[in-house]
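Enquirer: Sharing a structure below in structure tokens format, with a few things to ask.
The values are calculated or read from the model by the stated rules, or taken from the named source; none is laboratory data. Bear in mind the structure is a predicted one, so any value in this text is a computation, not a measurement. Note that we place each Cβ from the backbone using ideal geometry, even for glycine, and neighbour counts take in every protein chain shown. Note: accessible area is taken over every heavy atom of the protein model, side chains too, but ligands, DNA and RNA are not part of it. Shrake-Rupley method; radii C 1.70, N 1.55, O 1.52, S 1.80 Å.
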Amino acid sequence: MNLTIPAFFGRIAFSALAALIGAVFALPLLWFLFAPFNAQAQMGLAVPDPWTLSNFVTVFGNSYAVQALWNSFIQATGGVILVGAAATLAAYALSRSSVPGKGAVTYVLLLFSSVVSGSAAMVPIFLIISAAGIMDTHVAVILTFAGGLLPTAMFILRDFIDSIPKSYEESAMVAGASPVQAFFDVALPVIRPGIVVVVVWSFVNIWGSFLIPFVLLRSSDNMPASVAIYSFYSEAGTPIVTLLAAYSLIYSLPVVALYLFVSWKFGFRFFGGIKA
Amino acid sequence: MASVEFKSVTKSFGDFKAVSEVNFNIGDGEFVCLLGPSGCGKTTSLRMMAGLETPTSGQILIGGDEVTHLHPKDRNIAMVFQDYALYPHMNLADNIAYPLKVRGEAVANRHGRAREVADVLKIGHLMDRLPSQISGGQQQRTSLARALVYPAKVYLFDEPLSNLDAKLRLEARGFLNHLQRDMGMTAVYVTHDQAEAMALATRIAVMDQGKIVQYASPIEIYRRPATTFVANFVGNPPMNLVEVDGTQAGGQLVLKGEGLAMAGLPMTDAIGNALASSSKLTLGVRPEHLSLTAAGATNSISAPLFANENMGPESLVTIDRGEGARVTARIFTDDHLHVSDQVSLSFSAEHVHLFDAMGKRIPAVGE
Ligand SMILES: Nc1ncnc2c1ncn2[C@@H]1O[C@H](COP(=O)(O)OP(=O)(O)OP(=O)(O)O)[C@@H](O)[C@H]1O
Ligand SMILES: [Mg+2]
């Protein structure tokens, strides 16, 4: 490489700037990795001395915090199962059958979906849930999330299924399979990478969401971890940094684990592709 | 094995008639090719036999039983798709054995049977591979194996060879021909390649714009094309069609056209009827029935040379009669012909085909 002197310094300046920007983003992450293992963690970044698990011991000693993780798991898993199953079946029907105006249906649903799980619809959702008599239950949270995530999930999956040749199921049916058999034997395995994308996406969405459980749940027994993080504040409203840091790390692990598992098992192949 | 019958079958998509009022009958053990240009309704017809498309009106019978509204799974047919439709998540063994699986065969049985068929098709050593891990030719044979693994009443093929290269296509065509003679299967084979249809079919149904124009044996279609459309579709290269003016003189038919020198042809009633409505006729001569001759010979057609293509043992000599009206001859020649040389091509009267102003064949003497 032959660089002129100005170009050379230009490169150095650019790299330095890039490194600086990178550092700005890396610092909170470093804090996030260091603080949980530091018994004297402050808001400032510091290397733990000594490294300790005492923060985690305290967190796991807090039954409310542990229960909240379990609640998060129930709500996220319930929501994912509902969204995954319903979106797959609905998207398959929308893609394969000749329902008139099916394109319009999907787009209208998609339009409304951003409203349902957004804060604008909080009051009506609150009223509906309360009228249905399921206030302060996991079901309320699961149903609300399903309503909000389903349209987008259907949209992603329909696009995915549209790109899969119909001849797969047709050849199965000509060979003697019923439509249900053709769906489970042939279509479902081919659609699976798309379903995985939807599952991961909705899990992350539900797991990280604060507002909906905060509004729809009352008792601390039902609160998910995203809300429980609030309990690591003192009476005066200042955060208890040590516990907060440890709990945040635990809270983020399932999502990281899910990504790792999925990319190991399925490799996030988009062989259908998401065009939208 | 069973027969197939179409009774005035129509299939419309909206206002558009993809297949219109089609009647035909495929005998038990026949190998019928549906031949025609793109969009003429071949695939639609085939899919209606399979039950993947429901006719707008009309009836379809398989083995004498009406199946018009029967689900594909209940028709006991086999089909090879143009894109092969191999299940990407199953290895070849499971792909080929799938029809047996849905028929409730035990794993050992169905894999054994799949292996037998695969061995015949020379893919037996690939049974553990996924479809993405084998070549196009092997995929084609896998889809064939999946269709042959169970006894079906009718075998349907939708351009199964069109994704293969020329050499593999010839090989697969030979294999299908052998198979048909061996099994005596009833088969319907869609193609737009007339050579494929000629080589495989016991009868060819030539389709155009949703209708069957001619349904006859390959040799009949070659010798006596029913319309100018069929004449122009079949043959390699297809029949030359020359627009001529016909008049009756002294009990003979005299044909006049640019560069054409012809002796009178014997009059028949059919010719008389055609002339009664219009003097515009079409003269057809196949390229293989033309040969080089001296200028001015009787039964010849002359024009400047347009192209001389060497095809190996033979040459395609094309002359241009102006306004894109070209005539091609397939001849064995070492002659050096140059562009714009005046070339005369002669033919004998027995090889002349005549079509009326509507493009319908005028039967020759004795037809
Ligand atoms: N599902 C459909 N909706 C609307 N029109 C259709 C549909 N399927 C086929 N057609 C139309 O019907 C006509 C016949 O189609 P078909 O697929 O049978 O043609 P083909 O003879 O098989 O042609 P090719 O050789 O190109 O495969 C075409 O003009 C096509 O556009
Ligand atoms: Mg077709």
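Enquirer: Enter the mean number of other protein chain beta carbons within 10 Å of the beta carbon of each residue in B:200-211, as an integer. Spell out each step's value before the answer.
Expert: Working: counts 0, 0, 0, 0, 0, 0, 0, 0, 0, 0, 0, 0.
Mean partner shielding for this stretch: 0.
Enquirer: Could you tell me the center-to-center distance, by alpha carbons, between the range A:26-90 and the range B:196-236 in angstrom?
Expert: 74
Enquirer: Please report the equivalent ellipsoid semi-axes of the range A:5-52, computed as sqrt(5 x eigenvalue) of the Cα gyration tensor, largest first, in whole Å.
Expert: Rounded to whole Å, the semi-axes are 34, 9, 7.
Enquirer: Still on this structure, please answer the following. What is the distance in Å between the Cα centroid of the range B:107-140 and that of the range A:238-259?
Expert: Result: 52 Å between the Cα centres.
Enquirer: Another question, then. With no solvent and one point per C-alpha, what does the Debye sum give as log10 I(q)/I(0) for the range B:237-362 at q = 0.15 Å⁻¹?
Expert: Evaluating at q = 0.15 Å⁻¹ gives log10 I(q)/I(0) of -0.67.
Enquirer: Here is a follow-up. Assign one of three labels to the range B:30-88, namely rounded, prolate or oblate, based on the Cα gyration tensor with a ≥ b ≥ c the square roots of its eigenvalues; rounded applies when a/c is under 1.5, prolate when it is not and a/b is larger than b/c, and oblate otherwise. Before the final figure, lay out the partial values.
Expert: Values: a/c = 1.61, a/b = 1.16, b/c = 1.40.
Oblate is the answer for the range B:30-88, as a/c is 1.5 or above yet b/c matches or exceeds a/b.
Enquirer: From the phi of every residue in the range A:253-258, what ³J(HN,Hα) in whole Hz does the Karplus formula 6.51 cos²θ - 1.76 cosθ + 1.60 yield, where θ is phi - 60° and glycine or proline is x?
Expert: Result, rounded to whole Hz: 4, x, 5, 4, 4, 4.
Enquirer: Calculate for chain B the 222 nm mean residue ellipticity that helices alone would give, adding -39,500 (n - 2.57) per DSSP H run of length 4 or more and normalising by residue count, nearest 500 deg cm²/dmol.
Expert: When only DSSP H runs of four or more count, the value is -7500 deg cm²/dmol.
Enquirer: At 222 nm, what helix-only mean residue ellipticity would chain A give, in deg cm²/dmol to the nearest 500, using -39500 (n - 2.57) for each DSSP H run of four or more?
Expert: Rounded to the nearest 500, the figure is -23000 deg cm²/dmol.
Enquirer: How much of the DSSP beta bridge set in the range B:4-229 is antiparallel, as a percent to the nearest 5?
Expert: 55
Enquirer: On to the next question. With Rg and the Kirkwood Rh both taken from Cα atoms, where does Rg over Rh land for the range B:4-229?
Expert: Expressed as Rg/Rh, it is 0.97.
Enquirer: On a 0 to 90° scale, report how tilted helix B:107-120 is relative to the longest principal axis of chain B, with both axes built from alpha carbons and the result rounded to the nearest 10.
Expert: The angle comes out near 30 degrees.
Enquirer: While we're on this one: What is the Cα centroid distance between the range B:1-79 and the range B:269-331, reported in whole angstrom?
Expert: With the range B:1-79 and the range B:269-331 each reduced to a Cα centre, they are spaced 38 Å.
Enquirer: When chain A is treated as a GNM, springs tying every alpha-carbon pair under 10 Å, which of A:Met154, A:Met173, A:Met122 comes out with the largest mean-square fluctuation?
Expert: For chain A, modelled as a Gaussian network with Cα springs under 10 Å, the answer is A:Met173.
Enquirer: Quick one: order A:Tyr251, B:Tyr155, A:Tyr107 from most to least accessible surface, probe 1.4 Å.
Expert: Numbers: A:Tyr251 35, B:Tyr155 5, A:Tyr107 130 Å².
Final ranking, largest accessible area leading: A:Tyr107, A:Tyr251, B:Tyr155.
Enquirer: Could I ask something else about it? Among B:Glu30, B:Glu171, B:Glu309, whose mean-square fluctuation peaks in a Gaussian network model of chain B (Cα, cutoff 10 Å)?
Expert: B:Glu309
Enquirer: Also, I was wondering about something else. Working with all protein chains in place, sort B:Lys7, B:Lys122 by solvent-accessible area computed with a 1.4 Å probe, largest first.
Expert: Highest to lowest solvent-accessible surface, that is B:Lys122, B:Lys7.
Enquirer: Which residue fluctuates the most in chain A, going by a Gaussian network model with Cα springs under 10 Å, if the choices are A:Ala236, A:Ala187, A:Ala146?
Expert: Greatest mean-square fluctuation among the candidates belongs to A:Ala236.
Enquirer: Calculate how many DSSP beta bridges within the protein assembly as shown are antiparallel, expressed in % of all such bridges and rounded to the nearest 5.
Expert: Roughly 80 percent of the beta bridges in the protein assembly as shown run antiparallel, per DSSP.
Enquirer: Still on this model: Could you compute how fast the protein assembly as shown diffuses translationally, taking Rh as the Kirkwood radius over C-alpha pairs and applying Stokes-Einstein at 10 °C with viscosity 1.306 mPa s? Give it in µm² per second.
Expert: Numbers: Rh = 31.4 Å.
Rounded, D is 51 µm²/s.
Enquirer: Write down, largest first, the equivalent ellipsoid semi-axes of the range A:61-265 in whole Å, where each equals the square root of 5 times an eigenvalue of the alpha-carbon gyration tensor.
Expert: 37, 20, 13
Enquirer: When you look at the Cβ of every residue in A:182-193, what mean number of other chain Cβ atoms sits within 10 Å?
Expert: 2
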